[in-house]
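Notes follow the structure.
Readers should treat all values here as calculations from the given coordinates under stated rules, not as data from a laboratory. Values in this document were obtained by computation on a predicted structure and should not be read as measured data. Heads up, the Cβs are rebuilt from the backbone with ideal geometry, glycines too, and the neighbour counts pull from every protein chain shown.
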Amino acid sequence: MQIAGRGRIVVWEGASLWVLASSGQEAGTAFHAHHAIQITIALAGGFIIRTPDQCSDGPITLIAADALHIFEANGVGAFLFVEPESNAGRAIAARWLAGQALAELEAASLGSIVAAVRDHFAANSPDSDLVEAGRAFLAAIAAEAPSPLADARVRAMIEFVRSNLDGPLTLSMAAACAHLSPSRARHRFAADTGLPFKTFVLWQRLARAVELYAKGQSLTAAAHESGFADSAHLSRTFRKTFGIPASMLELT
């Protein structure tokens, strides 16, 4: 799939919002899965999302973390990617997905927020406006978020990862900063966040690379500052995660 034309990506703590316009041709991905919860919103045109067992044509569809799916679209779409271990991610998964790969949301109750995303994109509004709209959307569907992660040692490991994405990151390094043995850290981290340490690190690297690329850095610079070997490594990982190589995003 080639996504041509205009595009915007904004990233904030625990989430990112992508607004992408196709070039007038129907676009689609190969089957893929990613750890982030994906919320797909039709702003103009439409889309179809399929899993091996379900199908949805929106206009607002949730895709569970790690769910294998394929995507076809024509027009302008918004994509909210939410870290499932975040407060909003855990609340959304519990409230709407409950073991399902796909779930459709009622568009009428979210119409004003969807319109805000569409209008900010059309007007090329500042990133802060898109972030505000993305946060508002997540707050609306998450309702009451669960309590933050309770274990201070896991929080220390998460902060260590986020502060050291430009270099090597191992479980042993993060465990040491939390004063845990690697085996105990592996168990505690998975129990509290719901994912292996390596998976969490990969998502954090991808999120950082997207943020830097959206701010105008080259793929090579974004890759190096996010801990990837080079732009080819980033693009391969991006394709595996999101179904397309990062170089096919054309942002203005």
Unit charges on C-beta of K, R, D, E only; dipole of the range 7-142, Debye: 60
Cα-centred dipole magnitude for the range 62-129, charges only on beta-carbon of K, R (+1) and D, E (-1), debye, nearest 20: 140
Proximal charge balance of residue 129 [Cβ under 14 Å; K/R count +1, D/E count -1]: 0
Likely footprinting exposure, 32, 179, fewest C-beta neighbours within 10 Å first: 179, 32
Value of relative contact order over the range 7-142, rounded to a whole percent, pairs C-alpha under 8 Å and six or more apart: 28
Cα-based shape type of the range 7-142, given that a ≥ b ≥ c are square roots of the gyration tensor eigenvalues and the cut on a/c is 1.5: oblate
Kyte-Doolittle at least -1.0, axis length at least 20 Å by Cα - qualifying DSSP helices, the chain: 127-142, 197-214
DSSP-assigned coil residues among GluC sites (Glu not before Pro) in the range 127-210, each with at most 14 further Cβ atoms within 10 Å: 144
Inter-centroid distance (Cα atoms) of the range 178-242 relative to the range 74-131, Å: 22
Low-density loop cleavage sites - GluC sites (Glu not before Pro) in the range 172-252, where at most 16 other Cβ are within 10 Å (DSSP): 250
Low-density loop cleavage sites - chymotrypsin sites (Phe, Trp or Tyr not before Pro) in the range 152-244, where at most 12 other Cβ are within 10 Å (DSSP): none
Answer label, with volume of the Cα convex hull per residue in Å³ calculated from the coordinates and candidates (i) 142; (ii) 159; (iii) 116: (iii)
